[in-house]
Structures are given as structure tokens and as C-alpha cells.
Amino acid sequence: MSKSSIELNLLDHFSLTVRDIDATCAFYEKVLGMAREPFGEDRVALRFGRHKINVNPNPNHLVRKAAVPIPGSAEFCVISSLPLDDFIKHLRSCGVEIEYGPAEAVGAEGAMNSVCFRDPDGNLIEVATYL
């Protein structure tokens, strides 16, 4: 298969390894408006739009998992339809400390403004709006 015939166009899900599933889900529900969604046998995901984050406990006995699943080792960016200033006000009302930003950055689709903060495990979350 040649490189030009490969066409990936959507991130379906990714997984986070966490210390406390309930604390993680509560944070993502409150701060990012995600919805807790049970699936499979005793699994939990956080759904937003057409995407989801699978939430895995540490330690876990899943067959399919990262080679070295460690809480706090992820960083990712999500795009908000809310103006960034409004999102910053929301973060402050939730008691979330902004670690970086607002600042200009470059995302998958071009220039954006973003802020970065951490979840309960120390994962770095960037929330951005495109310019």
C-alpha cells in the first residue's frame, strides 16, 4: 500500500490510565462537559461529540493497553466552540489553575489560541479555539 493511498480522517478514541476513575470522570464532566459512558465489562469512557476517551484504572489487567501505562503521562488538545475568554471564565469558576496561556499555537487546522491545564492525574489538557 502506497503512502498516498492511506487516508485517515478521524480520531475515534484514545485511552487514559488514571489513579481514580470516579475522580477523573467527575473532573472531565464538570470542567469539559464530557459524559460518562459505561461500556464492555466494567469499562468507562468519557464521550464528547463524535469522540471518546477510554478511562483505564492503574493498574489494570486489560489485554490491549499501552506498554507502560502510567497516570499523568498524556497530553492532548481539544477544540471548543465556546470563545476562549468564556472558557477561561468557566475554568476559573471550576477552580482549575491555568498552567499556560492564553497563547497562540498551531493546531492540525492552523492558527489557534489556547490554554493548558492539568487533570487530577497531571495529564496536560489544551483547550483551543481556531482563529
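The values are calculated or read from the model by the stated rules, or taken from the named source; none is laboratory data. Because the structure is predicted, anything quoted here is derived from the model rather than measured. Here Cβ is always computed from backbone atoms with ideal geometry, including for glycine, and neighbour counts include all displayed protein chains.
Taking residue 52 as the residue in question, decide whether it is within 30 Å of residue 110 (Cα to Cα), assigned to a strand (DSSP E or B), of a type in the set (Lys, Arg) and modelled with pLDDT of 95 or more. Taking the combined requirement at face value, the residue satisfies it. Taking the criterion of being polar (S, T, N, Q) and within 18 Å of residue 78 (Cβ to Cβ), the residues of the stretch 11-49 that qualify are 15, 24. Within the stretch 75-96, the set of residues being touching a strand residue (DSSP E or B) at 6+ places or on another chain (Cβ under 9 Å) and without any contact (Cβ under 8 Å) to a residue 60 or more places away in the chain comprises 75, 77, 78, 79, 80, 81, 82, 83, 84, 85, 87, 88. Checking the condition of a type outside the set (S, T, N, Q) and within 20 Å of residue 117 (Cα to Cα), which residue from 8, 16 passes? Just one listed residue meets the conditions, 16. Would you check if residue 69 is under 17 Å from residue 25 (Cα atoms) and part of a loop (DSSP other than H, G, I, E, B)? Spelling it out, it is not the case that residue 69 is under 17 Å from residue 25 (Cα atoms) and part of a loop (DSSP other than H, G, I, E, B). Considered as a group, the residues in the stretch 1-45 that are assigned to a loop (DSSP other than H, G, I, E, B) and small (Gly, Ala, Ser) include one that is farthest from residue 108 (Cα to Cα), and that residue is 40.
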